[in-house]
């Protein structure tokens, strides 16, 4: 994510509205049949409600969250099966920070919205009218519904598409979009219009304008068309995906099928009004949407088999419920975690809604998963605390000593990490994977490059941040047969990603090196200048990477060099396909990989340097 190192966060608008509490619809006094107690930050709509009432609720939510980048509010807005909005009165809403909008149908076609669900550029200057971009549009979710794009009543530019101008930690899943175009950039707001996303899975899409998006992964979907490519656009198992035969002109990377995939679990209401969680099965060599021929293959777990946790619940209670055989549903909010939430039972599901966030306290590892197969962690954000944690999420304790299943991989879906931002954070490693047969399906592992006032804990800006907001490694993968689809890792102080396991696969990798090393001496790996953004371990003999980018923006000291964007052992079984480096106007990456590839330096800022295949065939 490319952004200035400091920002003055705009004050959120104070809008008074009657929002739903758990167990009620968004209209006061209208009960929602059978709803569990999801707490005060979950709003459930039903199709009998007036469109204007739903519109008012969502408008008020966006007003509170549009600028609340580092706030603590978390919300989910859920639509029961039915139709919302009409051609004459569409439902047109915008989605802000820490907001999940999702249908409660068994299939995306069970919830039909006529209108738009959008994200526009965020304006950071001139009282909210200047420096408008999507580079900081993080932490929001849209899923499991059909959207008939309807711009009635909007101005001529806005009516041309459904805008989804986002960057990292934003997912679109299980969508059926018709009736108009989808644009991943906001070309209606005055520039610069930069964007740095993103992720779509299990969706049917209309003609899609990629626009200014620097990188994007579309997985297991159908698309009517795709226009524009910037640096690194990857498609896996997508019907209608563009051909990549002329890479890097344009810079598309296209896999006909996805080697390993598993769709994210989703909450739904059945025909009797009962709440359930559908847990999709893992797929091999898959293509297209999972719901095209009926309900997504997998298993259904009734909500009674979940412990529905609130931020006020102590970890000892959560762990006791897990030990009794319950799954875990984390309702929206920020949870202080002073001892690990321990996942010890195979096939346990941990599902967060509304961007539920676990914050480490006193150096704890907030989430610790045992060496057992089939665990699923989805929809959870994990923050470092002010005391250093050895890790923020650990999967398995020691490589080679646990149980795993190729047919039932432990899966991490939309799991995000922060080291800094709302407060100083400290960790040795953010994500540590020791188990075999693990699937990482979309993650953003972020050491913060900006945050709230006081974030640097000193007067010397980025120099102070380098010393106080510490994270050595972003993702360390020690297990064998680990697959990552959508791995975004940024700004860590040594290797951002270290892959030590055998037979690993990454489909789209995005990295920015840290902005803030004060001097070259602070950015040395022994006698080597800097740390690669993606490191395949020296003893690894089999590894594949498809579509990878490492960016440099050493704004604290533009004279700093990094020798290689990627490092990998030179052996036929380790193959890097379609990789690149790029300079964002400060610092230098001397080579793309292992001394191969030209320098990404300040003489060609914004111009990618590509290596189509390494080793060269």
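The values are calculated or read from the model by the stated rules, or taken from the named source; none is laboratory data. The structure presented is a predicted model; accordingly, all values stated were derived computationally and were not measured. Here the Cβ positions follow ideal geometry from the backbone for every residue, glycine too, while neighbour counts run over all protein chains shown.
Scan (1) surrounded by fewer than 24 Cβ atoms within 10 Å (Cβ to Cβ); (2) in a loop (DSSP other than H, G, I, E, B) for the single condition residue 328 breaks and write down its number.
Exception for residue 328: condition (2).
Looking at this structure, is residue 428 surrounded by fewer than 24 Cβ atoms within 10 Å (Cβ to Cβ), modelled with pLDDT of 95 or more, assigned to a strand (DSSP E or B) and out of contact with any helix residue (DSSP H, G or I) (no Cβ under 9 Å at 6 or more places or on another chain)? Reasoning before the result, please.
Values: surrounded by fewer than 24 Cβ atoms within 10 Å (Cβ to Cβ): yes; modelled with pLDDT of 95 or more: yes; assigned to a strand (DSSP E or B): yes; out of contact with any helix residue (DSSP H, G or I) (no Cβ under 9 Å at 6 or more places or on another chain): yes.
So residue 428 fits the description; yes.
Among the numbered criteria (1) touching a strand residue (DSSP E or B) at 6+ places or on another chain (Cβ under 9 Å); (2) part of a loop (DSSP other than H, G, I, E, B), which single criterion is violated by residue 127?
Every condition holds for residue 127 apart from (1).
So, in region 130-160, exactly how many residues are at positive phi, outside any loop (DSSP other than H, G, I, E, B) and either at pLDDT below 95 or out of contact with any helix residue (DSSP H, G or I) (no Cβ under 9 Å at 6 or more places or on another chain) (or both)? Steps first, answer last, please.
We begin by selecting, within region 130-160, every residue at positive phi; these are 131, 139, 144, 153.
Those left that are additionally outside any loop (DSSP other than H, G, I, E, B): 131, 144.
Of the ones still in play, those that are also either at pLDDT below 95 or out of contact with any helix residue (DSSP H, G or I) (no Cβ under 9 Å at 6 or more places or on another chain) (or both) are 131.
Summing the residues that are at positive phi, outside any loop (DSSP other than H, G, I, E, B) and either at pLDDT below 95 or out of contact with any helix residue (DSSP H, G or I) (no Cβ under 9 Å at 6 or more places or on another chain) (or both) in region 130-160 gives 1.
Quick check: anything in region 392-412 surrounded by fewer than 24 Cβ atoms within 10 Å (Cβ to Cβ), modelled with pLDDT of 95 or more and assigned to a strand (DSSP E or B)?
yes
Do you know which of the residues in region 259-316 that are in a helix (DSSP H, G or I) and out of contact with any strand residue (DSSP E or B) (no Cβ under 8 Å at 6 or more places or on another chain) is farthest from residue 110 (Cα to Cα)?
Residues of region 259-316 in a helix (DSSP H, G or I): 303-305, 315-316.
After this cut, where a residue has to be out of contact with any strand residue (DSSP E or B) (no Cβ under 8 Å at 6 or more places or on another chain) as well, the list is 304, 316.
Values: 304: 23, 316: 38 Å.
Only one residue tops the list, namely 316.
Checking the structure you have, find out if any residue of region 169-181 is over 26 Å from residue 507 (Cα atoms) and not in a strand (DSSP E or B).
yes
Condition (residue is at positive phi and in a loop (DSSP other than H, G, I, E, B)) applied to region 204-225: is it met by at least one residue?
Yes - at least one qualifying residue is present in region 204-225.
Quick check: anything in region 350-367 within 28 Å of residue 274 (Cα to Cα), at pLDDT 95 or above, in contact with a strand residue (DSSP E or B) (Cβ under 8 Å, 6 or more places away or on another chain) and surrounded by fewer than 22 Cβ atoms within 10 Å (Cβ to Cβ)?
No - not one qualifying residue is present in region 350-367.
Given the residues 100, 88, which is the only one that is touching a residue at least 60 places away in the same chain (Cβ under 8 Å) and outside any strand (DSSP E or B)?
The conditions single out 88.
Can you find, within region 236-258, the residue that is farthest from the chain's Cα centre (by Cα) among those that are in contact (Cβ under 8 Å) with a residue 24 or more places away in the chain, part of a loop (DSSP other than H, G, I, E, B) and farther than 22 Å from residue 581 by Cβ?
Looking at residues that are in contact (Cβ under 8 Å) with a residue 24 or more places away in the chain, part of a loop (DSSP other than H, G, I, E, B) and farther than 22 Å from residue 581 by Cβ, I get 256.
With respect to the numbered conditions (1) under 30 Å from residue 284 (Cβ atoms); (2) in contact with a strand residue (DSSP E or B) (Cβ under 7 Å, 6 or more places away or on another chain); (3) outside any strand (DSSP E or B), which one is the sole condition not fulfilled by residue 506?
(3)
Is region 576-589 home to any residue that is in contact with a strand residue (DSSP E or B) (Cβ under 6 Å, 6 or more places away or on another chain) and on the phi > 0 side of the Ramachandran plot? Walk me through how you get there before you give the answer.
Within region 576-589, the first condition is being in contact with a strand residue (DSSP E or B) (Cβ under 6 Å, 6 or more places away or on another chain), and the residues that meet it are 576-584, 586-589.
Now narrow it down to the ones that are on the phi > 0 side of the Ramachandran plot: 578, 587.
Within region 576-589 (the criterion being in contact with a strand residue (DSSP E or B) (Cβ under 6 Å, 6 or more places away or on another chain) and on the phi > 0 side of the Ramachandran plot), the answer is yes, since at least one residue qualifies.
Counting only residues that are crowded, with 22+ Cβ neighbours inside 10 Å and more than 26 Å from residue 489 (Cα to Cα), how many does region 177-212 have?
4
Scanning for something under 30 Å from residue 37 (Cα atoms), surrounded by 24 or more Cβ atoms within 10 Å (Cβ to Cβ) and in contact (Cβ under 8 Å) with a residue 24 or more places away in the chain, does region 269-279 turn up at least one residue?
Pass one, region 269-279, residues under 30 Å from residue 37 (Cα atoms): 269-279.
Those left that are additionally surrounded by 24 or more Cβ atoms within 10 Å (Cβ to Cβ): 269.
Pick out the ones that are also in contact (Cβ under 8 Å) with a residue 24 or more places away in the chain and you get 269.
Yes, because at least one residue in region 269-279 is under 30 Å from residue 37 (Cα atoms), surrounded by 24 or more Cβ atoms within 10 Å (Cβ to Cβ) and in contact (Cβ under 8 Å) with a residue 24 or more places away in the chain.
For region 334-349, which positions are surrounded by fewer than 22 Cβ atoms within 10 Å (Cβ to Cβ) and either in contact with a strand residue (DSSP E or B) (Cβ under 7 Å, 6 or more places away or on another chain) or part of a strand (DSSP E or B) (or both)?
Initially, region 334-349 is screened for residues surrounded by fewer than 22 Cβ atoms within 10 Å (Cβ to Cβ), giving 334, 336, 338-340, 342, 344-348.
334, 336, 340, 342, 348, listed by residue number.
Being in contact with a helix residue (DSSP H, G or I) (Cβ under 6 Å, 6 or more places away or on another chain), surrounded by fewer than 23 Cβ atoms within 10 Å (Cβ to Cβ), at pLDDT 95 or above and farther than 18 Å from residue 151 by Cα narrows it down to one residue among 40, 81, 36, 50; which is it? Talk me through it step by step, then tell me what you get.
On the way: 40 fails: in contact with a helix residue (DSSP H, G or I) (Cβ under 6 Å, 6 or more places away or on another chain); 36 fails: at pLDDT 95 or above; 50 fails: in contact with a helix residue (DSSP H, G or I) (Cβ under 6 Å, 6 or more places away or on another chain).
Exactly one of 40, 81, 36, 50 is in contact with a helix residue (DSSP H, G or I) (Cβ under 6 Å, 6 or more places away or on another chain), surrounded by fewer than 23 Cβ atoms within 10 Å (Cβ to Cβ), at pLDDT 95 or above and farther than 18 Å from residue 151 by Cα, namely 81.
Filter region 438-455 for residues that are within 22 Å of residue 263 (Cα to Cα) and surrounded by 24 or more Cβ atoms within 10 Å (Cβ to Cβ) and give the result. Before the answer, list the steps.
Kept after step one, since they are within 22 Å of residue 263 (Cα to Cα), are these residues of region 438-455: 438-445.
Result: 438, 440, 441, 442, 443, 444, 445.
Quick one: which of 494, 465 is in a helix (DSSP H, G or I) and either more than 20 Å from the chain's Cα centre (by Cα) or under 30 Å from residue 374 (Cβ atoms) (or both)? Before you say what the answer is, go through the steps one by one.
Working: 494 fails: in a helix (DSSP H, G or I).
Of the residues listed, the single one that is in a helix (DSSP H, G or I) and either more than 20 Å from the chain's Cα centre (by Cα) or under 30 Å from residue 374 (Cβ atoms) (or both) is 465.
Looking at 106, 76, which is the one that is within 25 Å of residue 273 (Cβ to Cβ) and part of a strand (DSSP E or B)?
On the way: 106 fails: part of a strand (DSSP E or B).
Only one candidate passes the filter, namely 76.
Looking at 590, 598, which is the one that is over 25 Å from residue 197 (Cα atoms), touching a residue at least 60 places away in the same chain (Cβ under 8 Å) and surrounded by fewer than 21 Cβ atoms within 10 Å (Cβ to Cβ)?
The unique qualifying residue is 590.
Give the number of residues within region 137-161 that are over 28 Å from residue 278 (Cα atoms) and either out of contact with any strand residue (DSSP E or B) (no Cβ under 8 Å at 6 or more places or on another chain) or surrounded by fewer than 24 Cβ atoms within 10 Å (Cβ to Cβ) (or both).
From region 137-161, those over 28 Å from residue 278 (Cα atoms) are 137, 150-161; that's our starting set.
Cutting the leftovers down to either out of contact with any strand residue (DSSP E or B) (no Cβ under 8 Å at 6 or more places or on another chain) or surrounded by fewer than 24 Cβ atoms within 10 Å (Cβ to Cβ) (or both) gives us 150-160.
Residues meeting the conditions: 11.
Restricting attention to region 213-241, which residues are under 30 Å from residue 130 (Cβ atoms) and surrounded by fewer than 24 Cβ atoms within 10 Å (Cβ to Cβ)? Give the derivation first.
Within region 213-241, the first condition is being under 30 Å from residue 130 (Cβ atoms), and the residues that meet it are 213-216, 227-233.
227, 228, 229, 230, 231, listed by residue number.
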